[in-house]
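Below is one structure, written out as structure tokens; comments come after it.
The values are calculated or read from the model by the stated rules, or taken from the named source; none is laboratory data. Note that the structure is a prediction, hence the values are computed from the model and not measured. Because the Cβ atoms are built from the backbone with ideal geometry, glycine has one as well, and the counts that use them run over all protein chains shown.
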Amino acid sequence: MRRVPSLFAVVLAALAALLLAAPPASAHTELVSSTPRNGTRLAHTPANVTLGFSEPVDLADVHVRAAGRPLTVTRADSDKAVRVTVPKTSGQDRLTLDWQVLDMQDGHSTSGALSFRLTAKASAADSAAPPLPRPSETVHTAWLTARWFGYLALALYVGGLAFLALLWPQGAGDRRTRRILALSWAVGLAASLVTPGLQSAYGATGSLGDVFRRATYTGLLGTEVGVVAACRVLMWVLAAIVLAAVLQGGDRTARSPGWRVGALAVTVGLLRTTSMTGHNSEGTHPGWGAVADLVHLLGVSLWLGGLTLLLFGVLPRRRPEELSAVVSGYSTLAGVSVAAIVAAGAVLTWQVVGSFGALVDTGYGRLLLLKLAVLALVLAIAQRSRGWVRTRLDIAVLLRGDRATVRPFVHSVAAETGLVLVVLAATSLLVTSAPGR
């Protein structure tokens, strides 16, 4: 165990090297050009303005307004460009176009403004334009909350099933464990249904009421984000079959190879459809980002799901044979999970942030640093838990789960679980934020 600090030092050094050597990564879809160019002085209002973006865009995801009024957007000469039809105006000395675009990969919103000086001068009445609608903070908060509950449900479901299959099959008959798994499935399905609507409403500067309108989802299903969301809902439906089988069959089903294969397939589907809505597709090597995000989510799920069932399922029973087998087995599983989280996190940091400057000079980077700081605190507490397993587990087994002997481990696991929930909250903030900003 003395090699653990050295291992962490090597991992941190590798992470620092990646951050220093990595090239800057692209953020979300950005406006890179316009015809006429921004700031150009024009003799009259142009009939059309062409906008060129850094990535391909869907026409339905591009919104342009002038004086608060939406303008018609059509395809230009490539999938990265659109043509905006500008109505004729008179008496104005400036034309301002406010634009907003949703990223086709993850649905995040990017916006800005173009301004052109016109020869004719405007009257005071003509110059006064209604303000451009801004995304609702209420919708953003609801979206963030739904993402947090979605991540939590995913971790409890995936990690809980893995805990039963690998370490504690008899836990399938435990009442508290069954409730945790059933609740995690219900919350996961609900979050997968409502999160796409919240994301769509936020990107379109809508209100919370738009989440419950069919038009919001109808337009969303025509996009890549909507297709991924529909697949995620389907995976949660299939997850109900896997869960029902183990709840009905108990430990016999949890030991069954057939059930384990089905649970693994559903787990991979849930993890993949969740990771496809993050930032892993950005950067110079999106394939590596996708793999790293999948490993990262799996590691967190095994860690948090196992912690939860350990805290609310195994430890309250204080059965010597379970303490001996399950606690020591989970200690090993948690160590592997943490190593996977650190390695995958290093790849994702390099993939999304891309430079040391972006890590310290942007809000996204500082939030990521805060997440890493909390994670470091969790690892310190986890080391304390592992120390108890090494030195006190055998005594607890001999004393047949004595409450006083087990209590320090329970407190350590509870603190570790609570801080992992904070890490999930930081993850939700990062997913709903734009890198490089």
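Points to keep in mind about this one:
- When residues of segment 33-62 are limited to those that are outside any loop (DSSP other than H, G, I, E, B) and modelled with pLDDT under 85, the one nearest to Thr218 (Cα to Cα): Ala60
- You will find that of Val187, Val211, Val194, Val139, the residue that is under 20 Å from the mean Cα position of the chain (by Cα), farther than 26 Å from Val423 by Cβ and in a helix (DSSP H, G or I) is Val211 and no other.
- Tally of residues being touching a Leu at 6+ places or on another chain (Cβ under 8 Å) and closer than 30 Å to Asp61 by Cα across segment 226-267: 9
- Yes/no for Asp106 being at pLDDT below 85, among the charged types (D, E, K, R) and part of a helix (DSSP H, G or I): no
- Options Ala76, Ala66; residue that is touching a strand residue (DSSP E or B) at 6+ places or on another chain (Cβ under 7 Å), surrounded by fewer than 17 Cβ atoms within 10 Å (Cβ to Cβ) and at pLDDT 80 or above: Ala76
- When Leu377 is tested against (1) surrounded by fewer than 20 Cβ atoms within 10 Å (Cβ to Cβ); (2) at pLDDT below 75; (3) touching a helix residue (DSSP H, G or I) at 6+ places or on another chain (Cβ under 7 Å), just one condition goes unmet, and that condition is (2).
- Test result for Arg255, surrounded by fewer than 18 Cβ atoms within 10 Å (Cβ to Cβ), assigned by TED's automatic domain parsing to the domain that holds Thr141, farther than 29 Å from Ala292 by Cβ and in contact (Cβ under 8 Å) with a residue 12 or more places away in the chain: yes
- Exactly one residue among Leu264, Leu271 is of a type outside the set (Gly, Ala, Ser) and surrounded by fewer than 20 Cβ atoms within 10 Å (Cβ to Cβ), and that residue is Leu264.
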